[in-house]
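Inspection log for the structure reproduced underneath, given as structure tokens.
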Amino acid sequence: MAFVRRFITVIPKLAKHVPITVQSRNIKRWVAPTLMELKRREDKQGGKVTNPRNTFLEWNLEAELYAFGKRLNEEFDSDLLLQAFTDRSYVIKEEMKQKELEIDLKMKDNRELAEEGRKFMQEYIQLYLETVLHKLPAEGIMCIRNHLISEKVLSNVSFHLGTKDIILAAEYPVDNSILAQTFEALVGALLQSCGEERAAHFVRDFVITQLQGQDVNEFWEIEDPWTMLTEMISKTGSELEPRLIGEVAKNTLLACYRVGLYLDKKMMSSGFGETVAIAKEMAAREALKKIFGTEETMHPINFKLNGIPKSRSQSKISAS
Amino acid sequence: MSAAKRVQQWATFARTWHIFDCKWQDPYQSADLIKKYLMGMHKPIYHPMNDCGDVVVCINSRDIALRGDEWKKRAYFHHTGYPGGASWTLAWEVHNKDPTMIIKKAVYRSMKGNLQRRHTMERLLIYPDEEVPEDVLQNVTNQIRQLRLVPTRLDHIPEDEVRKFPKVMDYPKDYVYK
């Protein structure tokens with residue numbers, strides 16, 4: 001009994017150090033309900049709030065613009081760069097604000113710069129492609145060029161250059177069209193600040209390289225390859241002959257035919273297809289690719305041409 | 001997917017129909033060969049989960065050749081599932097009952113037992129003789145080389161050709177054959 005009496009004072013102290021919650025390695029059943037509840041509360045508040053980076057207190061537009069140019073290793077004129085990043089919607093919004101406050105500060109938007117940049121890009125990409133894919137007819141070049149200066153490609157390039165937060169626009173996140181237009185304006189700004197060659201190399205490095213790993217034939221939809229091929233061949237006076245050179249499982253759903261095209265009794269190309277007609281059409285497509293120098297085994301497109309290439313001579317192959 | 005890519009895929013996964021003549025062939029060795037074509041193992045794109053197997057048409061399965069006294073000794077086991085339902089049938093009995101059965105069982109046994117096996121077997125067509133339906137024959141575009149040469153039997157060679165064959169000596173007229 002004396003033993004118990006002696007230690008009875010220690011017991012409350014010991015109880016203090018026993019942890020209330022016990023760690024266990026079980027499935028955390030509280031995680032999903034908690035996340036769901038959080039989501040419910042967030043939705044009640046009116047959805048997820050994205051705070052644009054440029055509304056933060058320590059955002060320094062001037063420093064960002066300077067860093068933007070330095071990141072790309074280009075010497076932009078600072079005023080032109082700011083103008084290139086100013087969208088029309090932002091200017092309108094600011095003017096409304098200024099009208100309320102009754103002050104008048106002139107702001108320039110990027111429409112003229114974008115127009116200039118677009119024009120320069122069109123011309124330069126056209127010349128570049130004509131030099132690099134010198135056998136491809138003008139229609140094909142045009143289709144590839146239109147792909148390269150499409151909103152989808154340009155907005156993608158623009159986004160990954162990090163323009164999203166620097167752009168001054170009324171809305172956030174900015175629309176793809178604004179991203180693309182800003183990129184065009186950037187090219188225009190570079191054209192005015194550093195001259196044609198720097199701008200050309202900028203376009204080459206960021207836009208034309210988007211062709212890397214792509215099949216250039218996919219951009220040009222040839223409606224009737226057989227007619228096109230026969231018309232081109234008939235000019236040379238050679239004889240073109242399609243031959244069925246392979247067929248597999250012809251009575252089944254999985255029938256596959258192979259048609260070879262023979263030019264003066266020498267095999268030119270071959271194509272596969274579910275029917276003989278499709279195989280013949282594919283063979284004609286392959287032949288056209290061979291003529292245009294864009295076959296599967298072509299050398300990779302040269303992305304290292306310096307300067308602005310000269311316009312190629314009038315003796316161009318025309319598809320029509 | 002562009003048109004060029006589509007037909008490339010179509011051609012890559014095209015199912016070729018092969019024909020194999022079982023005449024005088026060992027069914028168990030042939031099965032290992034046929035299996036490769038059925039499963040598509042002869043293709044560079046082969047993968048167990050890749051549906052790239054071809055179709056094989058076996059003809060003359062009545063004329064297969066078993067080694068030694070295998071016709072008499074090899075037994076095929078079957079169990080009905082009921083007590084006392086086990087039965088052992090000799091190879092020659094099975095072959096008399098169904099001349100396609102031995103080659104079919106050989107190919108089936110040569111493949112690993114998985115869910116795919118029965119579907120792969122559907123692509124094996126066996127005919128006891130040379131009579132193959134016309135629509136099947138039209139699909140065939142390749143022949144699998146036989147493992148062994150089919151020997152020519154002496155009694156199948158025309159008699160005058162045998163007589164003309166150079167000999168070292170002739171038996172005397174009054175020679176009595178044993």
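Bear in mind that the values in this text are calculations on the coordinates, not laboratory data. From a predicted model like this one, the values you see are computed outputs, not experimental measurements. When we count neighbours, we look across all protein chains shown, and the Cβ atoms used for this are built from the backbone with ideal geometry, even at glycine.
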**Request:** Indicate, rounded to the nearest 5 percent, the antiparallel portion of the DSSP beta bridges found entirely in the protein assembly as shown.
**Result:** 65 percent
**Fill in**
For A:48-58, A:172-182, ranked highest to lowest by mean beta-carbon neighbours within 10 Å, the order is A:172-182, A:48-58
**Item:** Simple label model, 7 Å out from Cα along Cβ direction - A:PHE56 to A:LYS250, nm
**Value:** 7.0 nm
**Message:** Inside 10 Å of the C-beta atoms of A:244-256, what's the mean count of C-beta atoms belonging to other chains?
**Reply:** 5
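Too long at a 24 Å Cα-Cα cut-off: which of A:LYS280/B:LYS35; A:LYS135/A:LYS310; A:LYS250/A:LYS289; B:LYS36/B:LYS104?
A:LYS280/B:LYS35; A:LYS250/A:LYS289
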**Message:** Taking θ = phi - 60°, what integer Hz values does the Karplus form 6.51 cos²θ - 1.76 cosθ + 1.60 yield along the stretch A:29-43, in sequence order, with x for Gly and Pro?
**Reply:** 6, 8, 5, 4, x, 5, 5, 5, 5, 4, 5, 4, 5, 5, 5
**Message:** With unit charges on the beta carbons (Lys and Arg positive, Asp and Glu negative) and the dipole taken about the Cα centre of the protein assembly as shown, which residue among A:LEU57, B:ASN60, A:GLY162 sits farthest to the positive side?
**Reply:** B:ASN60
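In whole percent, what relative contact order does chain A give with Cα contacts below 8 Å and a gap of six or more residues?
17 percent
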**Net dipole in debye of the stretch A:129-178 [+1 Lys, Arg Cβ; -1 Asp, Glu Cβ; about Cα centre; nearest 20]** = 200 debye
**Message:** Quick check: pseudo-label points 7 Å beyond the Cα along Cα→Cβ at A:ARG88 and A:THR34, how many nm apart are they?
**Reply:** 5.0 nm
**Item:** HN-Hα J in Hz across the stretch A:237-250 - Karplus 6.51, -1.76, 1.60, θ = phi - 60°, x for Gly and Pro
**Value:** x, 7, 9, 10, 9, x, 10, 7, 10, x, 8, 9, 6, 6
**Asked** If the cut-off is 19 Å between C-alpha atoms, which lysines fall inside it for A:LYS93, apart from same-chain ones fewer than 8 positions away?
**Response** A:LYS106, A:LYS108, A:LYS164
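Charges at C-beta only: +1 for Lys and Arg, -1 for Asp and Glu. How large is the resulting dipole of the protein assembly as shown about its Cα centre, in Debye rounded to 20?
Approximately 3400 debye in magnitude.
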**Request:** Calculate one ³J(HN,Hα) per residue across the stretch A:104-117 by plugging θ = phi - 60° into the Karplus curve 6.51 cos²θ - 1.76 cosθ + 1.60, and present them in order as whole Hz with x for glycine and proline.
**Result:** 9, 10, 6, 10, 9, 9, 8, 5, 5, 4, 5, 4, 5, x
**Fill in**
Of the candidates B:MET49, B:PRO27, B:GLY84, the farthest towards the positive dipole end of chain B (Lys/Arg Cβ +1, Asp/Glu Cβ -1, centred on the Cα centre) is B:MET49
